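Comments concern the structure below.
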Amino acid sequence: MTAGFLVVDKPGGLTSNEVVGEVKKATGVKKVGHAGTLDPMATGALVMAIGNVTRLIRYVQDQPKEYLATALFGVATDTLDADGAVLSREPMDFSSDDLTQLLPRFTGSIHQVPPMVSALKKDGRRLHELAREGQTIDRDPRPVQVHELELISVGPGPYPEVGFRVVCGKGTYIRSLADDLAAALGGHAHLTALRRTRIGSLKARSGVTVDDLHNWEDYLLTPKEALANLPDVIVGHETASAVSHGVPFVGGELVSIPEAVSVGVIDPTGDLIAVYIREGDQARPEVVLPT
């Protein structure tokens, strides 16, 4: 059975689930999942897990994500991006220095209110479903991690277009970040363009386009390649055999791995066969791949 990872360079205008459908059609594999949704307007790296490696998706999702974004300051929309309806237009007057001085406030561990138009659930229903019904639900701020926030450009005029680069953790909404930056300057903003350039070491520019999915096998990554950012340990044949059966260890090669850190287990042939974690004196499996 085909199993592995694909980095798809998603075009604008397609939902992430529609891209999943295109990958299923091209590969003939029904079990396909993706590591982190991109809004229809957004482009860039959408990592697909194909076949029995879908259980490894969380280790890709946990990697930092890099985005290039453009936001129109002074114009608010109901979705915080260009796909939404305009709610207000209020000219904004600020300099690059004004915005640059704000960036440290939005870097590091911050709290962010998720947008109403999102896939998060409230009482079992997606927020975007409630938004389409005209409902607005109170959302609690959630902790997110912004590793890097760099201002690239500030355009001219009363409604300046601002370009910025973000490296962040999972669960961060770039459109909320843009509006929060504008709010700190006394206004609002919405995204006009968003591109995810990479997830961990998996880059959009190395991915396959939707139009070129008929060549998907040329882009298929092994689990080890896709999880290159995950720390790993190479084990011998005897340990590898036990690992393939999900055996926990209280001695041997795996008890020396860092505590409370997910570690890939590599067999003597160089294949990733499992992910283990050590808790105290015991190393136990988190995911074991079929041999």
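The values are calculated or read from the model by the stated rules, or taken from the named source; none is laboratory data. The structure presented is a predicted model; accordingly, all values stated were derived computationally and were not measured. Virtual Cβ from ideal backbone geometry, glycine too; neighbours counted across all protein chains shown.
Among the residues of the range 100-123, what is the count of those that are of a type outside the set (Asp, Glu), at pLDDT below 60 and part of a loop (DSSP other than H, G, I, E, B)?
4
Which ones in the range 171-193 are under 20 Å from the mean Cα position of the chain (by Cα) and without any contact (Cβ under 8 Å) to a residue 40 or more places away in the chain?
Within the range 171-193, Gly171 is the sole residue that qualifies.
May I ask you to list the residues in the range 11-31 that are part of a helix (DSSP H, G or I) and either farther than 26 Å from Thr291 by Cβ or in contact with a Cys (Cβ under 7 Å, 6 or more places away or on another chain) (or both)?
Within the range 11-31, Ser16, Asn17, Glu18, Val19, Val20, Gly21, Glu22, Lys25, Ala26 qualify.
Within the range 77-99, identify whether any single residue is hydroxyl-bearing (Ser, Thr, Tyr), in a helix (DSSP H, G or I), farther than 30 Å from Gly28 by Cα and out of contact with any Ser or Thr (no Cβ under 9 Å at 6 or more places or on another chain), and answer yes or no.
No, every residue in the range 77-99 fails to be hydroxyl-bearing (Ser, Thr, Tyr), in a helix (DSSP H, G or I), farther than 30 Å from Gly28 by Cα and out of contact with any Ser or Thr (no Cβ under 9 Å at 6 or more places or on another chain).
Return the residues of the range 220-249 that are in contact with a strand residue (DSSP E or B) (Cβ under 7 Å, 6 or more places away or on another chain) and assigned to a helix (DSSP H, G or I); say none if nothing qualifies.
Hits for the range 220-249 are Pro223, Lys224, Ala226, Ala240, Val243.
For every residue, the table says whether it meets (1) crowded, with 22+ Cβ neighbours inside 10 Å; (2) under 24 Å from Arg165 (Cβ atoms); (3) in contact with a strand residue (DSSP E or B) (Cβ under 7 Å, 6 or more places away or on another chain).
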position	(1), (2), (3)
Ser16	no, yes, yes
Val20	no, no, yes
Thr27	no, no, yes
His34	yes, yes, yes
Thr43	no, yes, yes
Ile50	yes, no, yes
Lys65	yes, yes, yes
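Going by the structure shown, is Phe94 touching an Asp or Glu at 6+ places or on another chain (Cβ under 8 Å), farther than 21 Å from Ala204 by Cα and aromatic (Phe, Trp, Tyr)?
Here the answer is no, as Phe94 does not meet what is asked.
Could you tell me which of the residues Ala193, Ala178 is part of a helix (DSSP H, G or I), under 30 Å from Leu99 (Cα atoms) and out of contact with any Asp or Glu (no Cβ under 8 Å at 6 or more places or on another chain)?
Unique residue meeting the criteria: Ala178.
Look through Leu72, Leu14 and report the one residue that is of a type in the set (A, V, I, L, M) and not assigned by TED's automatic domain parsing to the domain that holds Arg175.
Of Leu72, Leu14, the one residue that is of a type in the set (A, V, I, L, M) and not assigned by TED's automatic domain parsing to the domain that holds Arg175 is Leu14.
Looking at Val8 and the list (1) at pLDDT 95 or above; (2) part of a loop (DSSP other than H, G, I, E, B); (3) assigned by TED's automatic domain parsing to the domain that holds His214, which single condition is not satisfied?
Failing condition for Val8: (2).
Here is a yes/no grid of residues against (1) small (Gly, Ala, Ser); (2) assigned to a helix (DSSP H, G or I); (3) without any contact (Cβ under 8 Å) to a residue 24 or more places away in the chain:
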residue: Asp218; (1), (2), (3): no, yes, yes
residue: Gly251; (1), (2), (3): yes, no, yes
residue: Val255; (1), (2), (3): no, yes, no
residue: Val265; (1), (2), (3): no, no, no
residue: Tyr276; (1), (2), (3): no, no, no
residue: Arg284; (1), (2), (3): no, no, no
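Can we say Val210 is surrounded by 14 or more Cβ atoms within 10 Å (Cβ to Cβ), in contact with a strand residue (DSSP E or B) (Cβ under 7 Å, 6 or more places away or on another chain) and under 24 Å from Pro11 (Cα atoms)?
Taking the combined requirement at face value, the residue satisfies it.
Consider Thr79 carefully, then state whether it is modelled with pLDDT of 95 or more, of a type in the set (Ser, Thr, Tyr) and in the same structural domain as Val144 (by TED's automatic domain parsing).
So Thr79 does not fit the description; no.
Tell me the residue from Ala26, Ala45, Ala69 that is under 30 Å from Pro158 (Cβ atoms) and among the small types (Gly, Ala, Ser), please.
Exactly one of Ala26, Ala45, Ala69 is under 30 Å from Pro158 (Cβ atoms) and among the small types (Gly, Ala, Ser), namely Ala69.
Suppose we filter Val265, Val250, Val243 for residues that are modelled with pLDDT under 95 and outside the structural domain of Val32 (by TED's automatic domain parsing); which single one remains?
It is Val250.
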